[in-house]
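The structure under discussion appears below in the form of structure tokens.
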Amino acid sequence: MTVNRDDVINALKTVFDPEIPVNIWDMGLVYDINIDDDNVAITMTFTSPTCPMMEELLAQVKQVLSNVPGVKNAEVKLVWEPAWDLSRMTDEARLELDLTNMGW
């Protein structure tokens, strides 16, 4: 069974940093999704390498990915390049955080 990309994205949208009321997908923290049959690997980052919740959030991401129908193996790769910036956020996230007048 091939894993559905929309199911993966919907799962990622359930993960929130406790300090930010926006999910990791809309924040633009997920850089890549690679689906190979029943294996899912994502590449992601954080807004800062000093995020105190990093380990907990990485574990949560792996858990929600593992719960996606058809996923047998979930991998999360953390990267710092390219560095995250506000332009990666969705319009909805900018609106939620009141960043709409930032010239995007």
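Values quoted throughout were computed directly from the atomic coordinates according to the rules given, and no laboratory measurement underlies them. Bear in mind that the values here come from a model prediction, so they are computed numbers and not experimental data. Glycine also receives a Cβ, built like all others from the backbone with ideal geometry; neighbour counts cover every protein chain displayed.
Annotations
- Both radii were evaluated on the Cα set of the stretch 5-84; the Rg over Rh quotient, with Rh as the Kirkwood radius, amounts to 0.94.
- Estimated 222 nm signal from helices in the chain, with DSSP H stretches of n ≥ 4 weighted -39500 (n - 2.57), rounded to 500: -7500 deg cm²/dmol
- Phi angles of the stretch 51-62 translate, via the Karplus equation with coefficients 6.51, -1.76, 1.60 and θ = phi - 60°, into HN-Hα couplings of 4, x, 9, 4, 4, 5, 5, 4, 5, 5, 4, 4 Hz per residue; Gly and Pro are given as x.
- Note: relative contact order over the chain, using C-alpha pairs below 8 Å and six or more positions apart, is 32 percent.
- DSSP bridge pairs, the chain: antiparallel proportion in percent, nearest 5: 55
- Radius 14 Å from Cβ of V71, net charge of other residues (Lys, Arg +1; Asp, Glu -1): -3
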